[in-house]
Amino acid sequence: MNIFFTFLLSALVFTVLDLFWLVKVAPHLYRRHIGHLMAEKVNRIGALLFYVLYHVGLVVFVLLPAQGKLFEGWLLGSLFGLVTYATYDITNLATLKAWPVKITVIDLLWGTFLTGVSTVITLWLMGVFGL
């Protein structure tokens, strides 16, 4: 397995799927529920750091162990997404006065779905490319 190519492929698949969320759903949802907490502009360095670290974890903890096994990849990817998104959202729920439970639930569902599906697509593409 070429780890660097796996990282790039995973990041590409995840980002393409996440862009749908970030462009179509998130702006309206988040502005309505947590707009008072949001910055006017996205911190691009922070966003880049998130994506890099997330995909390092995804490769090490999900894609390498599940290599070639789509169902196992989906399970591990979904669990990884749930745990990582929960780290952010449940910490916010515990520490911020105005963090809505609704946002936590929606984010956990999205992170679980997004990571599970992007893992399966990445593993499938790795098989197609013979990695």
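The values are calculated or read from the model by the stated rules, or taken from the named source; none is laboratory data. Predicted, not measured: the structure shown is a model, and the values here were computed from it. As a convention, Cβ positions derive from the backbone with ideal geometry for all residues, glycine included, and neighbour counts pool all protein chains shown.
Looking across region 19-31, the residues that are modelled with pLDDT of 90 or more and closer than 22 Å to Ile121 by Cβ come down to Leu19, Phe20, Trp21, Leu22, Val23, Lys24.
From Leu49, Leu96, Leu64, Leu37, grab the single residue that is without any contact (Cβ under 8 Å) to a residue 24 or more places away in the chain and loosely packed, with under 15 Cβ neighbours inside 10 Å. Even if it seems obvious, please write down each step before you answer.
On the way: Leu96 fails: without any contact (Cβ under 8 Å) to a residue 24 or more places away in the chain; Leu64 fails: without any contact (Cβ under 8 Å) to a residue 24 or more places away in the chain; Leu37 fails: without any contact (Cβ under 8 Å) to a residue 24 or more places away in the chain.
That would be Leu49, the only listed residue that is without any contact (Cβ under 8 Å) to a residue 24 or more places away in the chain and loosely packed, with under 15 Cβ neighbours inside 10 Å.
Which is surrounded by fewer than 16 Cβ atoms within 10 Å (Cβ to Cβ) and either within 22 Å of Ala11 (Cβ to Cβ) or at pLDDT 95 or above (or both), of Thr87, Thr119, Thr112? Show your work before the answer.
Details: Thr119 fails: surrounded by fewer than 16 Cβ atoms within 10 Å (Cβ to Cβ); Thr112 fails: surrounded by fewer than 16 Cβ atoms within 10 Å (Cβ to Cβ).
Within the list Thr87, Thr119, Thr112, the selection yields Thr87.
The residues in region 93-131 that are farther than 22 Å from Phe4 by Cβ, over 17 Å from the mean Cα position of the chain (by Cα) and assigned to a helix (DSSP H, G or I) can be counted, and the count is 5.
Right, His28: without any contact (Cβ under 8 Å) to a residue 60 or more places away in the chain, exposed (fewer than 11 other Cβ atoms within 10 Å of the Cβ) and over 17 Å from the mean Cα position of the chain (by Cα) or not? Full working, then the answer.
Numbers: without any contact (Cβ under 8 Å) to a residue 60 or more places away in the chain: yes; exposed (fewer than 11 other Cβ atoms within 10 Å of the Cβ): yes; over 17 Å from the mean Cα position of the chain (by Cα): yes.
Spelling it out, His28 is indeed without any contact (Cβ under 8 Å) to a residue 60 or more places away in the chain, exposed (fewer than 11 other Cβ atoms within 10 Å of the Cβ) and over 17 Å from the mean Cα position of the chain (by Cα).
Would region 9-20 turn up any residue that is assigned to a helix (DSSP H, G or I), free of Cβ contacts under 8 Å to residues at least 12 places away in the same chain and in contact with a helix residue (DSSP H, G or I) (Cβ under 9 Å, 6 or more places away or on another chain)? Yes, that holds for at least one residue. A residue that is in contact with a helix residue (DSSP H, G or I) (Cβ under 7 Å, 6 or more places away or on another chain), outside any helix (DSSP H, G or I) and not aromatic (Phe, Trp, Tyr) occurs nowhere in region 69-82.
The set of residues in region 32-66 being in a helix (DSSP H, G or I) and either touching a Leu at 6+ places or on another chain (Cβ under 8 Å) or at pLDDT below 90 (or both) consists of Gly35, His36, Leu37, Phe61, Val62, Leu63. Looking at Ile121, is it touching a residue at least 40 places away in the same chain (Cβ under 8 Å) and of a type outside the set (Gly, Ala, Ser)? Criteria met by Ile121.
The set of residues from region 71-111 being within 19 Å of His36 (Cβ to Cβ) and touching a Ser or Thr at 6+ places or on another chain (Cβ under 6 Å) comprises Asp89, Leu93.
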